[in-house]
Amino acid sequence: DIIRTIRDPEKPNTLEELEVVTENCVEVQEIGEDEYLVIIRFTPTVPHCSLATLIGLCLRIKLQRCLPFRHKLEIYISEGTHSIEEDINKQINDKERVAAAMENPNLREIVEQCVTEPD
């Protein structure tokens, strides 16, 4: 429910409407007392999607802000759905790269527009 309303950076649709994320793409495992591993596998709309890294960043930021329990996040592009999925997976799961991206005011503004709940 948390990620279904994230908007696509280019289109007026949500990631759920575009089938970038579905209920089947979310996996939650208990890894300790009151701590969970949340794995998201998203599917870009095209294999060369230039905004796949940004979509992964939006997923990470929204979940970090909204999950009501201790968690570890792993976010991946669904296997075989992007031409440079390995590089993107490394970027969106690297804490330093994520922090650096969110320090960029232009990038932060786009992420905020995508993750802010509609009124």
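The values are calculated or read from the model by the stated rules, or taken from the named source; none is laboratory data. Keep in mind it's a predicted model, so treat the numbers as computed, not measured. Note: ideal-geometry Cβ built from the backbone for every residue, glycine included; neighbour counts use all protein chains shown. Just so you know, the surface numbers come from the protein's heavy atoms only, side chains and all, with ligands and any DNA or RNA stripped out. Shrake-Rupley method; radii C 1.70, N 1.55, O 1.52, S 1.80 Å.
For the chain, which semi-axes, largest first and in whole Å, follow from the square roots of 5 times the eigenvalues of its Cα gyration tensor?
The answer is 20, 17, 16 Å, longest axis first.
Quick check: the distance between the Cα centres of region 1-44 and region 79-96, to the nearest angstrom?
15 Å
Quantify, in whole percent, the carbon and sulfur part of the accessible surface of the chain (1.4 Å probe; protein heavy atoms only).
47 percent
What is the percent of Cα-Cα separations in region 56-119 that go past 14 Å?
61 percent
Measuring from the lowest to the highest alpha carbon on each principal axis, how far does region 46-93 reach, largest first, in angstroms?
Principal axes ranked by extent give 34, 15, 14 Å for the Cα atoms.
Can you flag which of K11/K72; K72/K95; K62/K90 are past 22 Å Cα-Cα?
Check vs 22 Å cut-off fails for K11/K72.
Under a 5 Å amide H to amide H cut-off, with H placed in plane at 1.01 Å, what residues pair with I75 once short-range neighbours are removed?
Distant-sequence amide H within range of I75: I40.
In whole percent, what relative contact order does the chain give with Cα contacts below 8 Å and a gap of six or more residues?
Result for the chain is 27 percent.
Beta carbons within 10 angstrom, averaged per residue: use that to sort the peptides 18-25, 72-79, highest first.
Order by mean packing, descending: 72-79, 18-25.
For region 11-118, what is the accessible area per residue in Å², given a 1.4 Å probe and the full set of protein chains?
Accessible area per residue: 60 Å².
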